[in-house]
1. Identify the residue in the stretch 125-153 that is exposed (fewer than 15 other Cβ atoms within 10 Å of the Cβ) and out of contact with any Lys or Arg (no Cβ under 9 Å at 6 or more places or on another chain) and, among all such residues, is nearest to Arg70 (Cα to Cα).
2. Going by the conditions given, is Val222 over 26 Å from Gln76 (Cα atoms) and in contact with a strand residue (DSSP E or B) (Cβ under 8 Å, 6 or more places away or on another chain)?
3. Which condition breaks for Asp59 when tested against (1) touching a residue at least 24 places away in the same chain (Cβ under 8 Å); (2) under 23 Å from Ala121 (Cα atoms)?
4. What pairs come out if I take residues in the stretch 226-250 that are within 16 Å of Leu205 (Cα to Cα) and pair them with residues that are assigned to a loop (DSSP other than H, G, I, E, B) and open to solvent by 70 Å² or more (accessible area, probe 1.4 Å) whose C-beta lies under 7 Å away, six or more apart or interchain?
5. What are the residue pairs meeting all of these: first residue in the stretch 18-31, first residue surrounded by fewer than 17 Cβ atoms within 10 Å (Cβ to Cβ), second residue part of a helix (DSSP H, G or I), Cβ atoms under 7 Å, and 6 or more apart or on different chains?
6. Hey, could you check the stretch 220-234 for residues that are open to solvent by less than 50 Å² (accessible area, probe 1.4 Å) and out of contact with any helix residue (DSSP H, G or I) (no Cβ under 6 Å at 6 or more places or on another chain) and say which is farthest from Leu170 (Cα to Cα)?
7. Kindly evaluate Ala98 against the criterion of being among the aliphatic types (A, V, I, L, M), open to solvent by 60 Å² or more (accessible area, probe 1.4 Å), farther than 22 Å from Gly262 by Cβ and part of a helix (DSSP H, G or I).
8. Take the residues in the stretch 39-59 that are under 28 Å from the mean Cα position of the chain (by Cα) and among the β-branched types (Val, Ile, Thr), then tell me which one is least open to solvent (accessible area, probe 1.4 Å).
Amino acid sequence: MLTLGISAYYHDAAACLLSDGRIVGAAQEERFTRQKYDSALPVNAVRYCLEEAGATIADVDRLAFYEVPRHKRSRQEWQAARRTAGPEVRVTAQDTEARLRDGLQWTREIHFVDHHRAHAASAYYVSGFDDAAVLVCDAVGEWDTTTFWHGRGPELTRLGGVRFPASLGLFYSCLTSYLGYRPNSDEYKVMGLASYGKPTYEASLRALLEIDGGGFTMDTDVLDFISEPEGHRSNLAELLGVPARRPGQPVLPHHADIAASGQAVL
């Protein structure tokens, strides 16, 4: 049985082809288009995977997509209705199925997989373990931002999770923006910058997160992932005692310290 998995329309579009559960080919679209983080339907990656298997799209038995569009749309609409500042939230999920069918010439069923289940599966099923605890920390899937799973044999059982707008991934993207880098893109730069600093702001940043028995909550008086495009309000600068760095400005020691502090909190 050939199963084709697709991710697309957000960032780093990719395809993976399985033959009876074994990986035949996998690739990101950017490798073929040379467009960093290419989010387009990965037609080149799909072509590569099919060529590796000596197959065509007609030979594929199942097509899977890495999120459930109607659930994503419900979250986007909820967010749009509550947004009080910044640009309008773009609802992107309504035409996903039509775009997949048209772009891949697919007429059969599409298996829409919960985004965090897709993350958990990508880690567990290639881990070599047949009994494992699985933790997924993300910006946001459909609604989930952090989930806990138990993998045993072929089964992945969801144990619990944290929902949007509380998000460790968005917290880190917020710091990425605060340090003058592009969120959902340049987080790796913040990770690198952290190695040059000391966690002198750790206590201030840690106060924004509260751990509870089933996950965590966030101080929404400072962190606002619904209405603020950069994920924070102006009082974050008051909390840290230093203004946000703008793109192009010098990177100073206290910027490295903020990066190190964010890393320590996570």
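The values are calculated or read from the model by the stated rules, or taken from the named source; none is laboratory data. Source: prediction; values computed, not measured. Virtual Cβ from ideal backbone geometry, glycine too; neighbours counted across all protein chains shown. We work out accessible area using only protein heavy atoms, side chains counted, and drop any ligands, DNA or RNA first. Shrake-Rupley method; radii C 1.70, N 1.55, O 1.52, S 1.80 Å.
1. Leu135
2. For Val222, the condition - over 26 Å from Gln76 (Cα atoms) and in contact with a strand residue (DSSP E or B) (Cβ under 8 Å, 6 or more places away or on another chain) - is not met.
3. (2)
4. Ala237/Pro243
5. Ser19/Ala53; Ala26/Cys49
6. Ser227
7. The answer is yes for Ala98.
8. Val46
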